[in-house]
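Notes to accompany the following structure.
Here, each number is a calculation from the coordinates, and none is a lab measurement. Quick caveat, the model's predicted, so the values are computed rather than measured. Cβ atoms come from the backbone with ideal geometry, glycine included; neighbour counts cover every protein chain shown.
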Amino acid sequence: MRVKSFIWRLLGFGVAGILLMVLLFVTSEQEMHHNNAFIRRYPHHPIKKLFDFNLGYNSYYLAGFENDRLYLGNHTAPLHLLEVNLKTKDTTHIKIGLESKDIPFQSITVNVVPPYFFVMDGTVPCILRGYTRDWEARDWMKGEVYFTNAKAVDSVSIFIKTISSSNRQAILGLLQYSNGFNTYLYPELLEKQMDGIFDVDGLLTMSPDFKSLGYSYYYRNEFMILDADLKSIQRMKTIDTVSMAQITLSKISKTGEVKMTSPPLIINRTAAQFDAFMLIHSNRLGKYEQSEMLEDAFIIDVYNWEKERYEFSFYLYHFDTGKLKELKVFESYLVALSGEKLSVNQIKSSVFK
Amino acid sequence: MKVSINIPAKLVAIVTLAYSVLFIYAAIQKLIEVEQFRIQLGQSPILTTYADYIMYALPLGELVLGFTIFSHKFKRQVLYVSYSLMVMFTTYIILILNFSDYIPCSCGGVLEKLGWTEHIVFNLVFIIIAIIGLWCLDYMDTNKQSIIL
């Protein structure tokens, strides 16, 4: 009798211990991935460095990708493209030809959407389009709509950010061509907190298959994912805790200008989208993190928007002086720009699943 | 007959001492490097969101257990709780090895240098000695009763 009750008591206390631990684990994981209050998690080696490439100039930006070939545009030499073969590291210099020579360009961006490429300037406004096989840009859109940022989605549609002419607010929209140009604007996408221009500022992102678009706010802990028609929208919070933009703005001057009067608190610095993932670079420290890391590495947070959860974070170690300017994923390559260098990394598919 | 009463009493004394040393050592270790312990817990893939509570609750609990285990009145209760705690630690390791997002470099706190398997063996040894201690306490109680009777 005594032995029996002794064993029962041992079992009872044992099972209680196991259950308590499992309960703590399950609830902690739930919090971690769905209601995270800024705790990062760093699994081992989600990316592997392949190589750094010295571009020689700090004015390059990422323009596109096709079959192992990465295209870089250059802000100071706008009709020049650098092609870097990520397998062989061979480089080719490309000169873009323009059909119209007399366009008063001010800020050109080149966007490669194989087999097309676009030469865009939202201040003119105009967009030229051509094929990557000959790099000859032909007149396509002129004078339809001004835009501040643009990303080509496919051969006939461009994801744009513009300023509404009626209420001077920033708006996301689509410029599409079918028997003439149409502009579709969706003012409800960007949610105003202060002035509707600065506070909603952010980065347009695009998945490498051009199937889903995104927008990551600079000054608040939020990003959104959109389908290629801007019809379905999913908003998601990041693990950061700043939900209201922390910027200070000057009064409107006589010339109608508004300025930021102090350096803004940047929450999402740059972002990259691929598959169901959104990668966001932030240099804000979470809980249980050592500040020394910021001197050695950029922190990248990974979210899965299909599962609506924070996955994990990883360090992208500094590869040149200066900030992380751009980050993109093409196939299994994670490419990043900082200073005068391009960093090429391999994504581990076993971690990104 | 006399010898067989003495052996359980000695075993209980050994178990008491072993647990007391383990808990007090582990608690002091954690409290000395409390910031380190906090970061390790925060990076642990299992109790992440409870790190702030556990960082104090665990060493304090260990200290309380490590001292009260000497009390004759509470020895039995403390041993049951200690046994439960060791089962929890073991469960923690098994969860980390099998179900967590990734396996951290160190489990932090106690006996960092042990590998995961050694850690489980170490815990099992302590679970077993707790059972021995509890069994001896029961044995001594029955014997006392039979003597009185």
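When the scattering of the range A:17-88 is computed by the Debye formula from its Cα atoms alone, each counted once and equally, what is log10 I(q)/I(0) at q = 0.11, 0.13, 0.14, 0.21 Å⁻¹? Listed by q, the Debye log ratios stand at -0.57, -0.65, -0.68, -0.95.
The charge dipole of the protein assembly as shown, taken about the Cα centre with unit charges on the Cβ atoms of Lys, Arg (+1) and Asp, Glu (-1), comes to about 1680 debye, rounded to the nearest 20. Compared with the direct C-alpha span, the chain from A:Asn167 to A:Ser232 gains 20.9 nm at full extension, assuming 0.36 nm per residue. Over the range A:245-353, the fraction of Cα-Cα pairs per 5 Å bin, rounded to whole percents and listed from the shortest bin up, is 2, 10, 18, 20, 17, 13, 8, 6, 4, 2, 0, 0.
A simple spin-label model places the labels of A:Arg2 and A:Asp209 7.0 nm from each other, with each point 7 Å out along Cα-to-Cβ.
If eta is 1.567 mPa s and T is 4 °C, what Stokes-Einstein diffusion coefficient results for the range A:161-239, Kirkwood Rh from Cα pairs, in µm²/s? Write out the running numbers ahead of the final one.
Working: Rh = 13.3 Å.
Answer, rounded: 97 µm²/s.
Pairs over the 28 Å Cα-Cα cut-off, from the set B:Lys10/B:Lys30; A:Lys101/A:Lys341; A:Lys348/B:Lys30; A:Lys87/A:Lys341: B:Lys10/B:Lys30; A:Lys101/A:Lys341; A:Lys348/B:Lys30. Averaging the sequence gap over all C-alpha pairs within less than 8 Å and six or more residues apart, then dividing by the number of residues, gives chain A a relative contact order of 15 percent.
Rounded to the nearest 500, the 222 nm mean residue ellipticity of chain A from helices alone is -3500 deg cm²/dmol, with -39,500 (n - 2.57) taken per DSSP H run of at least 4 residues. Here's how it looks for A:Asn149: its modeled amide H is under 5 Å from those of A:Lys161, which are all 5 or more places away or on a different chain.
Footprinting exposure proxy ranking of A:Arg40, B:Arg38, A:Arg235, fewest other C-beta atoms within 10 angstrom first, gives A:Arg235, B:Arg38, A:Arg40. In this entry, the range A:54-203 is assigned a mean projected area of 10.1 nm², taken as a quarter of its C-alpha convex hull surface.
Note on chain A: GNM, Cα springs under 10 Å; of A:Leu249, A:Leu226, A:Leu185, the largest mean-square fluctuation is that of A:Leu249.
Listing B:Asp141, A:Asp134, A:Asp201 from the residue with the fewest other Cβ atoms within 10 Å to the one with the most, what is the order? Before the final figure, lay out the partial values.
Details: B:Asp141 12, A:Asp134 8, A:Asp201 19.
Ordered from fewest to most neighbouring Cβ atoms within 10 Å, B:Asp141, A:Asp134, A:Asp201 come out as A:Asp134, B:Asp141, A:Asp201.
The slack in the chain from A:Glu66 to A:Ser350, taken as 0.36 nm per residue of separation less the alpha-carbon distance, amounts to 99.8 nm. Would you mind checking the range A:112-143 for residues with the amide N under 11 Å from a putative spin-label position 7 Å along Cα→C-beta of A:Thr92? What the label zone holds, given the 11 Å backbone N cut-off, is A:132-135. With the charge dipole of the protein assembly as shown set up from +1 on Lys and Arg Cβ and -1 on Asp and Glu Cβ about the Cα centre, the Cα lying farthest toward the positive end among the listed residues B:Phe74, A:Val112, A:Tyr186 is that of B:Phe74. Computed extension length for A:Asn54-A:Tyr315: 91.9 nm, one decimal, from 0.36 nm per residue of separation with the Cα-Cα distance subtracted. Past the 20 angstrom mark, what percentage of all C-alpha to C-alpha distances in the range A:220-292 do you count? Value for the range A:220-292: 50 percent of Cα pairs lie more than 20 Å apart. Along the Cα-to-Cβ line of B:Val125, 7 Å from the Cα, sits a label point; which residues in the range B:13-39 have backbone N less than 18 Å from it? Residues B:13-27 qualify, since their backbone N sits under 18 Å from the label point.
The distance linking the range A:37-96 with the range A:262-296 is 20 Å (Cα centroid to Cα centroid, whole angstrom). Projected over every direction and averaged, the convex hull enclosing the alpha-carbon atoms of the protein assembly as shown yields 30.7 nm².
When the gyration tensor of chain B is built from Cα positions, what are the square roots of 5 times its three eigenvalues, in whole Å, from largest to smallest?
Values: eigenvalues 230, 49, 29 Å².
Sorted largest first and rounded, they come to 34, 16, 12 Å.
Each principal axis of the Cα atoms in the range A:152-201 has its own extent, and those three values, largest first, are 38, 20, 14 angstrom.
Sorted into 10 angstrom bins from 0, the C-alpha pair distances of the range A:143-292 split as 10, 38, 34, 15, 3, 0 percent.
Using the rule -39500 (n - 2.57) for each DSSP H run of four or more residues, divided by the residues of chain B, the 222 nm mean residue ellipticity is -27500 deg cm²/dmol.
Between A:Thr270 and A:His281, the built amide H atoms are under 5 Å apart, and every one of these is 5 or more places off in sequence or on another chain.
Could you give me D for the range A:1-139, from Stokes-Einstein at 10 °C and 1.306 mPa s, where the hydrodynamic radius is the Kirkwood radius over C-alpha pairs? Units µm² s⁻¹, please.
On the way: Rh = 20.3 Å.
After rounding, the answer is 78 µm²/s.
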